[in-house]
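Structure first, then comments.
The values are calculated or read from the model by the stated rules, or taken from the named source; none is laboratory data. All figures in this text were calculated on a predicted structure; none of them were measured in a lab. Cβ: placed from backbone, ideal geometry, glycine included. Neighbour counts: every protein chain shown. Calculation scope for accessible area: heavy atoms of the full protein, side chains included, ligands and nucleic acids excluded. Shrake-Rupley method; radii C 1.70, N 1.55, O 1.52, S 1.80 Å.
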Amino acid sequence: MRQQIEQLAQASRQLEPTPDQRQAWDTAVRGYAHGYIDSLPNGKAFHAVENPAAGLLDFPLDGQPRPMEEILAVLKKNIPTAGLNPASGGHLGYIPGGGIYPTALGDYLAAVTNEYAGIFFGGPGAVRIENMLIRWMCALIGYPKTALGNLASGGSIANLTAFVTARDFKKITSTKVRKSVIYLTEQVHHCVHKAIRIGGLAEAIVRNVPMDSRFRMDATVLAEMVGKDVADGLNPFLVVGSAGTTDTGSIDPLDKIADICQQHGLWFHVDAAYGGFFLLAEVENPDGTTVKQSLRGIEKSDSVAIDPHKGLFLAYGLGAVLIKNVKAQMEAHYYRANYMQDAFDATEELSPCDLSPELTKHWRGLRMWLPLQLYGIQPFKSALEEKIWLCRYFYQEIQKLGFEVGPYPELSVCTYRYLPGDGSDADDFNRRLVEYVQRDGRIFVSSTNIGGVFWIRLAVLCFRTHLREVDLLLGIFKNGLNALQSR
Ligand SMILES: *Cc1c(COP(=O)(O)O)cnc(C)c1O
């Protein structure tokens, strides 16, 4: 038997590369990565191609080993040549993020050490780093020191974790779901509706609270709706506010909503996946208030979703849920198994496995901790402020080209459309304009539909986006207008 085991070990030892092999692989991968980053300024933000990434199908998982160079060549040929390039500073659609380089280094070290970030007993350093990050974000939004939360893969899971906590804390058991009421606006991110359904609340009553002309929840109407539902014997329990909607960057009147929730004992959740980190920005609004003041009241909420892979420019894979009542979070998520009895004593730091659906998990905190330690906070603040000003600059300049605009941007998203003078269909014209920009490819913008009307969006949040990219887009629109109107 020993001989057989030794024989098997000969092949299985390949899984531990020699130092020379490690060096060779590192060099090849680093070459790819640096070449990629250096190519971004002159590359495209969007590749409109037929059969995107089809070449991968010719490279099957057939169980055969291949050299690193060959594998990287296949990636290089198929990945950055099709679809959207989220690392590009020309990505001005949806909600960009970017992917600051130290994210990759944090991920690299997390994977090499494979620290167990699920339980404090197993990975005390890893868990402590994650909890310190969560407490840092709690302090940013103004939660007390006793609050905690969880580092999730993104805003969708962060929202889900918050809703499940709210559901259990408010004791919305199956017999109560049909009489329970959730309040939100038509502008909440679609993942909010998805989380409501996945969270077992599909049969709850979901009310769309009307909005003002700037797509912000009308708090006065919210108060009336809640009052009426209570009088009618229903069970209002959750309000979802947005701190920066995806479509227009609008911020709901969080302070007023928080007061209504407090008065009626409702759980107040704020989806700040996009807008939360603008709390770091010191920017004045045209009316003399500040961006920070627009977010006031977020500290009165019960839970918040905030995405470091958006507002802190990290590569995709990190959203956070912050929850004021950590006991409620724990009651909704903890589980103890006998085989983990050795881990029982660790009570110093709460463990992610007791605060989320996950057990074994990627040590995703390191990808955020490393850049924050390396850079300090100032470059992030400056970048966020720059993004607000870039959006305001675009909002001003696009009007000079004759475009109609939506509301003045509260953060770094704005909407605009061109009304063709010849009486032709405006929605159709703007759709063709977006296609024109996407075909050009140097800059990517996306569109939305608000109240049945087609609007083009600008979303500035990639850390690589500067005046150059915004000016480039303005130039492309100018050419686009000429091209489409001369037909
Ligand atoms: C992006 C976004 C989400 C979803 O977050 P993911 O990280 O993509 O899962 C939720 N809400 C808002 C407001 C967003 O902008």
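Here residue 299 clears all of (1) in contact with an Asp or Glu (Cβ under 8 Å, 6 or more places away or on another chain); (2) touching a residue at least 60 places away in the same chain (Cβ under 8 Å) except the condition numbered (1).
Any residue that is within 18 Å of residue 95 (Cβ to Cβ), touching a helix residue (DSSP H, G or I) at 6+ places or on another chain (Cβ under 9 Å), assigned to a loop (DSSP other than H, G, I, E, B) and of a type in the set (Ser, Thr, Tyr) - is there at least one of those in region 442-453? Scanning region 442-453, I find at least one residue that is within 18 Å of residue 95 (Cβ to Cβ), touching a helix residue (DSSP H, G or I) at 6+ places or on another chain (Cβ under 9 Å), assigned to a loop (DSSP other than H, G, I, E, B) and of a type in the set (Ser, Thr, Tyr), so the answer is yes.
Tell me the residue from 149, 90, 83 that is farther than 24 Å from residue 272 by Cβ and either buried (at least 23 other Cβ atoms within 10 Å of the Cβ) or within 16 Å of the ligand (Cβ to nearest atom) (or both), please.
On the way: 149 fails: farther than 24 Å from residue 272 by Cβ; 83 fails: either buried (at least 23 other Cβ atoms within 10 Å of the Cβ) or within 16 Å of the ligand (Cβ to nearest atom) (or both).
Answer to the selection: 90.
Every condition in (1) of a type outside the set (A, V, I, L, M, F, W, C); (2) more than 20 Å from residue 460 (Cα to Cα); (3) in contact (Cβ under 8 Å) with a residue 60 or more places away in the chain holds for residue 427 except the one numbered (3).
In the set 245, 220, which member is at pLDDT 95 or above, among the polar types (S, T, N, Q), within 14 Å of the ligand (Cβ to nearest atom) and in the same structural domain as residue 316 (by TED's automatic domain parsing)?
On the way: 220 fails: within 14 Å of the ligand (Cβ to nearest atom).
After applying the criteria, what remains is 245.
Of the residues 123, 97, only one is more than 16 Å from the ligand (Cβ to nearest atom) and either surrounded by fewer than 23 Cβ atoms within 10 Å (Cβ to Cβ) or under 18 Å from residue 370 (Cα atoms) (or both); which? Give the steps one after another, and end with the answer.
On the way: 97 fails: more than 16 Å from the ligand (Cβ to nearest atom).
Going through 123, 97 in turn, the sole match is 123.
Figure legend. Inter-residue proximity from region 176-200: first residues more than 22 Å from residue 274 (Cα to Cα), second residues among the hydroxyl-bearing types (Ser, Thr, Tyr) and part of a helix (DSSP H, G or I), beta-carbon distance below 8 Å, spacing 6+ or different chains. Indicated pairs: 200/174.
For region 223-242, filtered to residues that are more than 21 Å from residue 196 (Cβ to Cβ) and touching a helix residue (DSSP H, G or I) at 6+ places or on another chain (Cβ under 9 Å), the residue that is farthest from the ligand (Cβ to nearest atom) is 233. The residue pairs whose first member lies in region 280-293 and is among the small types (Gly, Ala, Ser), whose second member is surrounded by 11 or more Cβ atoms within 10 Å (Cβ to Cβ), and whose beta carbons are closer than 8 Å, counting only pairs six or more residues apart or on different chains, are 281/291; 281/292; 281/381; 281/384; 281/385; 281/388. Within region 24-83, the set of residues being in a loop (DSSP other than H, G, I, E, B) and in contact (Cβ under 8 Å) with a residue 12 or more places away in the chain comprises 43, 44, 45, 48, 49, 52, 53, 59, 79, 80, 81, 82. Quick check: is even one residue across region 86-109 within 19 Å of residue 354 (Cβ to Cβ) and either in contact (Cβ under 8 Å) with a residue 24 or more places away in the chain or in the same structural domain as residue 413 (by TED's automatic domain parsing) (or both)? Looking for residues that are within 19 Å of residue 354 (Cβ to Cβ) and either in contact (Cβ under 8 Å) with a residue 24 or more places away in the chain or in the same structural domain as residue 413 (by TED's automatic domain parsing) (or both), one finds none in region 86-109, hence no.
Filtering region 163-204 down to residues that are of a type in the set (A, V, I, L, M) and farther than 21 Å from residue 324 by Cβ, which residue is farthest from the ligand (Cβ to nearest atom)? Spell out how you get there, then give the answer.
From region 163-204, those of a type in the set (A, V, I, L, M) are 164, 166, 172, 177, 181-182, 184, 188, 192, 195-196, 198, 201-202, 204; that's our starting set.
Okay, now just the ones that are also farther than 21 Å from residue 324 by Cβ, so 177, 181, 198, 202, 204.
On the way: 177: 23, 181: 21, 198: 13, 202: 19, 204: 19 Å.
Taking the candidates together, the pick is 177.
Counting only residues that are in contact with a Ser or Thr (Cβ under 7 Å, 6 or more places away or on another chain) and more than 10 Å from the ligand (Cβ to nearest atom), which one in region 294-319 is nearest to residue 143 (Cα to Cα)? The qualifying residue nearest to residue 143 (Cα to Cα) is 303.
Report the residue count in region 455-471 for those that are assigned to a strand (DSSP E or B) and acidic (Asp, Glu).
Taking region 455-471 as the starting set, the residues that turn out to be assigned to a strand (DSSP E or B) are 455-459.
Subsequent filtering for residues that are acidic (Asp, Glu) retains none.
Final tally of qualifying residues: 0.
Residues considered: 111, 45, 139. Of these, the only one that is closer than 30 Å to residue 247 by Cα, more than 16 Å from the ligand (Cβ to nearest atom), open to solvent by 60 Å² or more (accessible area, probe 1.4 Å) and aliphatic (A, V, I, L, M) is 139.
Applying the condition of being over 17 Å from residue 414 (Cβ atoms) and of a type in the set (D, E, K, R) to region 442-487 and asking which residue is surrounded by the fewest Cβ atoms within 10 Å (Cβ to Cβ) yields 487.
Condition first: among the small types (Gly, Ala, Ser) and either within 30 Å of residue 372 (Cα to Cα) or not in a helix (DSSP H, G or I) (or both). Can you find one or more residues in region 386-408 that meet it?
As a first pass, look at region 386-408 and keep what is among the small types (Gly, Ala, Ser): 402, 406.
Filter once more, keeping what is either within 30 Å of residue 372 (Cα to Cα) or not in a helix (DSSP H, G or I) (or both): 402, 406.
Within region 386-408, one or more residues are among the small types (Gly, Ala, Ser) and either within 30 Å of residue 372 (Cα to Cα) or not in a helix (DSSP H, G or I) (or both).
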